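Just so it is clear, none of the values below were taken in a lab; they were calculated from the coordinates. Everything numeric in this text was worked out from a predicted model, so none of it was measured. Using ideal geometry, Cβ is built from the backbone for each residue, glycine included, and neighbour counts are taken over all protein chains shown.
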Amino acid sequence: MEKWTELITGLVILVGVILISWMSSIYSWTIFGKNLDFLSSAWIFFKGGIFWLILMIGLLFIVLGINDLRE
């Protein structure tokens, strides 16, 4: 793809996802009694990602420390 087409496509997708997540949290989107609040689920996923990132950094430091003790 050309660079401008990729840039415009990426911006349209980004704005679309932001609008859909915002509108799903403002309005009550339910299907078969299940709430489709995309903003809430994205926030929960983001918090889980931060948790796993911090956990993996801690494990990396432990492994590096053990490796330094062996030398």
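Please give the direction-averaged projected area of the C-alpha convex hull for the chain, in square nanometres with one decimal.
The number I arrive at for the chain is 9.0 nm².
Order of Phe32, Phe38, Phe46 from fewest to most other C-beta atoms within 10 Å?
Result, fewest neighbours first: Phe32, Phe46, Phe38.
What's the extension gain from Ile50 to Ile62 if we count 0.36 nm per residue and subtract their Cα-Cα distance?
The Ile50-Ile62 span can extend by a further 2.5 nm.
What FRET efficiency comes out for the pair Leu11/Ala42, r = Cβ-Cβ distance, R0 = 22 Å, nearest 0.05?
So, using R0 = 22 Å, E works out to roughly 0.70.
For every helix of n ≥ 4 consecutive DSSP H residues, a contribution of -39,500 (n - 2.57) applies; sum these over the chain, divide by its total residues, and give [θ] at 222 nm rounded to the nearest 500 deg cm²/dmol.
After summing the helix terms and dividing by residue count, I get -29000 deg cm²/dmol.
List, in order, the whole-Hz ³J(HN,Hα) value for each residue of the stretch 60-71 obtained from phi through the Karplus relation with A = 6.51, B = -1.76, C = 1.60 and θ = phi - 60°; use x for Gly and Pro.
Working through the residues one at a time gives 4, 5, 5, 5, 5, x, 5, 5, 5, 5, 5, 8 Hz.
How do the peptides 14-21, 52-59 rank, highest first, by the average count of neighbouring beta carbon atoms within 10 Å per residue?
So the peptides 14-21, 52-59, ranked by packing, come out 14-21, 52-59.
Taking Cα pairs under 8 Å and at least six residues apart, what relative contact order does the stretch 3-70 come out at, in percent?
18
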